[in-house]
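Take a look at the structure set out below.
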Amino acid sequence: SNVAVYYGQGAYQPRLSHFCQETSLDIINLGFINVFPKAVGDWPGSNFGNQCDGTVYEGTELLSGCHQIWEDIPICKELGKTVMLSLGGETAYEDIPTDEVAEWFADFLWYSFGPPGQNDTFPRPFQDNQVDGFDFDIEHYGGHGYATMIQRLRSHFADFPDETFYISGAPQCQLPDAQLSDAISNSHFDFIWVQWYNTAACSATNFLEGNGLFNFAAWAKVIQDSANPAAKLFVGLPASEEAAVDGFYLSPAEVYPLVDIYMNLYPDMFGGIMLWEATASDNNTINGYNYAQHMKHILHE
Ligand SMILES: CNC(=O)NC(=N)Nc1ccccc1
């Protein structure tokens, strides 16, 4: 199974190619498109932390100088990594007011970050690089419009039948997830990485306490009943103590029994582990291995 990490918001983070050289990482979510269009014709905005050169397309919040990222994506692809573009994140105001705006947003993302050369009225923030898909890390205000966006994106995917594009989501563990439940029921996800941290009522730490509140099984049922029962369910975890709200970190030794049980209870659905986030994992070494390396070992046990 796979290890997915978020990249783009790490403190003093190294450039993307550093993480693409890590063999323990399979999927890299570039975060974030953190400003959403409010009307048809509005451009979204982006933030990738200390990366990019601070320039934006005039009159927008969309970064235009992400040279480290456009230089590094080919390296990542060469090394077999799946590179997703993540929408949302902590700072985003994610409200999709109408279906027209949802479809505009999907078109913008596709023509700007999908295969190049389709429609040159759109910018190419990563130049001729194309991402492998789009991740929905919708933390608030959401709920409306995401199913429409995803259906629109998938109609674009169908124009490139020889290429594979993915849709993923990072709901909070509380059910039903206010932001993404509608989208999960009504549109096709490939990966669902649940944030089993920062929410006491259902986080992975409950597994350690054996109190029955860790709700992997409930999420498995949501996926079984969803628009894509074949979607893969990942266990989302903080990659270090500091990477999440206090008290939600699990050591590798604590993760092992959780993964062992649920990987074997749900062998087809279990997709792997998602980590928030890449730099925190790098800075969290235990017995000479960083956190993501420990996770990769656990998945291969
Ligand atoms: C997939 N997205 C996240 O995991 N976001 C996230 N962890 N945000 C955050 C929330 C509280 C403290 C630190 C980071």
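So if I place +1 on the C-beta of Lys and Arg and -1 on the C-beta of Asp and Glu, and nothing else carries charge, what would the dipole magnitude of the chain be about its Cα centre? I want it in debye, nearest 20.
400
How far, in degrees from 0 to 90, does helix 291-300 lean away from the longest principal axis of the Cα atoms of the chain, to the nearest 10?
The answer is roughly 70 degrees.
Over region 168-301, what is the percentage of antiparallel beta bridges among all DSSP beta bridges, to the nearest 5?
About 10 percent, rounded to the nearest 5.
Would you calculate, for the chain, the mean residue ellipticity at 222 nm contributed by helices, counting each DSSP H stretch of 4 or more residues as -39,500 (n - 2.57) and dividing by all residues, to the nearest 500?
After summing the helix terms and dividing by the residues of the chain, the value is -9000 deg cm²/dmol.
Among N47, N34, N186, which one moves the most in a GNM of the chain with springs linking Cα atoms closer than 10 Å?
N186
Got a sec to turn the phi values of region 126-132 into Karplus ³J(HN,Hα) couplings, 6.51 cos²θ - 1.76 cosθ + 1.60 with θ = phi - 60°, whole Hz, x for Gly and Pro?
Calculated HN-Hα couplings, in order: 10, 6, 7, 5, 10, 7, 8 Hz.
Counting DSSP beta bridges with both partners in region 1-148, what percentage is antiparallel, nearest 5?
On the way: 2 of 17 bridges.
About 10 percent, rounded to the nearest 5.
How big is the dipole moment of region 84-243 about its Cα centre under a simple scheme where the beta carbon of each Lys and Arg is +1, that of each Asp and Glu is -1, and everything else is neutral? Debye, nearest 20, please.
Magnitude of the dipole: close to 420 debye.
Once you sort the root eigenvalues of the Cα gyration tensor of region 68-138 as a ≥ b ≥ c, which label holds: rounded (a/c under 1.5), prolate (a/b larger than b/c) or oblate (the other case)?
Oblate, because a/c is 1.5 or more while a/b does not exceed b/c.
Specify which residue in the list Q293, W104, Y7 is farthest towards the positive end of the charge dipole of the chain, using unit charges on the beta carbon of Lys, Arg (+1) and Asp, Glu (-1), about the Cα centre.
So the residue we want is Q293.
Report relative contact order for the chain in percent, whole number only (criteria: Cα-Cα under 8 Å, sequence separation at least 6).
Once divided by the residue count of the chain, the mean separation gives 17 percent.
Please compute the net charge surrounding C52, taking Lys and Arg as +1 and Asp and Glu as -1 over other residues with Cβ under 15 Å from its Cβ.
So the surrounding residues net to -2.
What's the angle, to the nearest 10 degrees (0 to 90), between helix 99-113's Cα axis and the longest principal axis of the chain?
It is inclined by approximately 90 degrees.
Any aspartates and glutamates with Cα under 18 Å of the K232 Cα? List them, leaving off those in the same chain fewer than 8 positions away.
K232 reaches D26, D132, D135, D137, D177, D182, D190, D260, D268.
Skipping prolines and chain starts, which residues have an amide H placed within reach, meaning under 5 Å, of the one on M274, given they are 5 or more residues away or on another chain?
A4, V235, G236, L237
To test your reading of the geometry: what angle, between 0 and 90 degrees and rounded to tens, separates the Cα axis of helix 67-78 from the longest principal axis of the chain?
Tilt of helix 67-78: around 60 degrees.
Around G169, under 10 Å between beta carbons, what's the net of Lys plus Arg minus Asp minus Glu among the other residues?
Neighbour charge sum, excluding G169 itself: -4.
Over the chain, what is the percentage of antiparallel beta bridges among all DSSP beta bridges, to the nearest 5?
10
Bear in mind these aren't lab numbers, they're just calculated from the coordinates by the rules spelled out. All of these numbers come straight from a predicted model, not from anything done at the bench. We place every Cβ from the backbone using ideal geometry, glycine too, and count neighbours over all the protein chains shown.
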